[in-house]
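So the structure is just underneath, and the comments pick up after that.
What follows draws every value from the coordinates through simple rules; no lab data is involved. Here the structure is a predicted model, which means the values were calculated and not measured. A quick note on method: Cβ atoms are made from the backbone with ideal geometry, for glycine too, and the neighbour counts reach across all protein chains shown.
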Amino acid sequence: MSVYTFDPLQDPRWEEFCQRAAGASIFHTRGWLTTLQRTYGYQPVVFTTSAPGGALDNGVVFCRVSSWLTGRRMISLPFADHCEPLVACPEAQQEISAALQKTLRADRLKHIELRPLSAGVLSEFPFRQDKTFYFHWLSLRPSLEDIFRRFHKDSIQRRVRKAERVGLVYEQGRSAALLQKFYRMIAITRRRHHLPPQPIEWFRNLIACVGEKLTIHVASHRQQPVAGILTLHYRDTVVYKYGGSDAQHHNLGGMPLLLWKAIEAARRDGAQHFDFGRSDKDNEGLVRFKDQWGSTRTVLTYGKLSNAPERATRSSPFADAAQRLFFYMPDFLSAAAGRLLYRHIG
């Protein structure tokens, strides 16, 4: 059994394969991969045991990241919360794993990273366990009434009702005007967390490449945006990928209203799962917020393949000072920092 590689942006088999492969998500698609390439210059590659020109039976997709700051790596996939290896056959898993080990050495990569959604995948390839997160998802199979009834009464149900009562205006779409409102919420939130915002070009490219699978949702009060989220719909799953809000107006319930509107729309459009994404395990507030939606919580474990053990990352005085600096930066400098730094992160 041989292993082959191909560019999923050039080979038409990849998109068709993603449509039928169990475990494929929005992050596997050409839309997400093209956005990564346009915005950050990452080069996508698929490893498979299927011969060129034949039917595609399996594949593990990566992006090559070359950075003077963080090293040369392959990641499956950058800025994706999860990306399942689409390989069911144990023999194919072994062959692809061996090919990845050869690539690691031949290309002198710092490491190769997998971000599987399913437990046990890392032992099948095998990769050593690395970072762990919590992952939340909500079943959309019950009726909307039953789904709403399972929300936390005080933290979610009452806040949704309050948002409706105070007259928050809800908008959804993909227009340039709506993107500007949403991006303002992203910038405010990233500043609150002492981080630069993602470059707006990332979101513009995502809209252009993903198209109708993407929806921006914005809540406004007295013509001023107070919260915004971005969702992605692929097959039977809607992913809540990005969100931001103005803390001065948290009492109005903008974020709960937007997530409820997104859940309503997802179920109406035939989705069966609502993906709340990953959360850092030590971010107790965010974990508790996602728990309050009646969601299922599991552990998400990333894996790494490397030639040598990597040192544990520690917070440095420089990093701490940089975070404080991001908080006080003017908007144009913070945005410029985002355009410079995010391509090195992945």
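Taking 0.36 nm per intervening residue step and subtracting the Cα-Cα distance, what contour gain separates GLN224 from ARG297 on full extension?
Working it through step by step, the gained length comes to 22.9 nm.
How large is the helix-only mean residue ellipticity at 222 nm for the chain, computed as the sum of -39500 (n - 2.57) over DSSP H runs with n ≥ 4, divided by its residue count, in deg cm²/dmol to the nearest 500?
That calculation yields -11000 deg cm²/dmol at 222 nm.
Cα gyration tensor of the stretch 136-299, axes a ≥ b ≥ c as square roots of the eigenvalues: rounded (a/c below 1.5), prolate (a/b > b/c) or oblate?
Because its axes are fairly even, with a/c under 1.5, the stretch 136-299 counts as rounded.
Using label points projected 7 Å from each Cα along Cα→Cβ, tell me how many nm separate HIS152 and SER66, to one decimal.
Simple spin-label model gives 4.7 nm for this pair.
To the nearest 0.05, what FRET efficiency results for LYS162 and HIS194 with a Förster distance of 22 Å applied to their C-beta separation?
That gives a FRET efficiency of 0.15.
Which aspartates and glutamates, on any chain, are close to LYS241 with Cα under 12 Å apart, when same-chain ones fewer than 8 places away are left out?
Leaving aside aspartates and glutamates fewer than 8 places away in the same chain, those within reach of LYS241 are ASP81, ASP275.
What does the extension gain come out to for LYS131 and GLU284, with contour length at 0.36 nm per residue minus their alpha carbon separation?
Difference between extended and current length: 53.4 nm.
How do the peptides 49-55, 16-22 rank, highest first, by the average count of neighbouring beta carbon atoms within 10 Å per residue?
16-22, 49-55
How about LYS102: which lysines have a C-alpha closer than 17 Å to its C-alpha, ignoring those fewer than 8 places off in the same chain?
Partners within reach: LYS110, LYS304.
What nm value, rounded to one decimal, do you get for the distance between SER118 and ARG105 when each label is placed 7 Å out toward the C-beta?
Inter-label distance under the simple model: 2.9 nm.
Got a sec? How would LYS102, LYS281, LYS213 order by Cβ neighbour count within 10 Å, fewest to most?
LYS102, LYS281, LYS213
Helix by helix, which DSSP H runs in the chain go 30 Å or more along their axis at the Cα atoms and have an average Kyte-Doolittle hydropathy of 1.0 or more?
none
Of the peptides 65-72, 214-221, how do they stack up when ordered by the mean number of other Cβ atoms within 10 Å, highest first?
214-221, 65-72
Which whole-number percent gives the relative contact order of the chain, counting Cα pairs below 8 Å spaced six or more residues apart?
22 percent
Please say if the stretch 4-126 is rounded, prolate or oblate, where rounded means a/c under 1.5 for a ≥ b ≥ c the square roots of the C-alpha gyration tensor eigenvalues, and otherwise the choice is prolate for a/b larger than b/c and oblate otherwise?
Rounded is the answer for the stretch 4-126, as its axis ratio a/c remains below 1.5.
List, in the order given, every pair from LYS261/LYS281; LYS213/LYS261; LYS181/LYS261; LYS261/LYS290 whose Cα-Cα distance in the structure shown is over 19 Å.
From the list (LYS261/LYS281; LYS213/LYS261; LYS181/LYS261; LYS261/LYS290), the Cα-Cα distance tops 19 Å for LYS261/LYS281.
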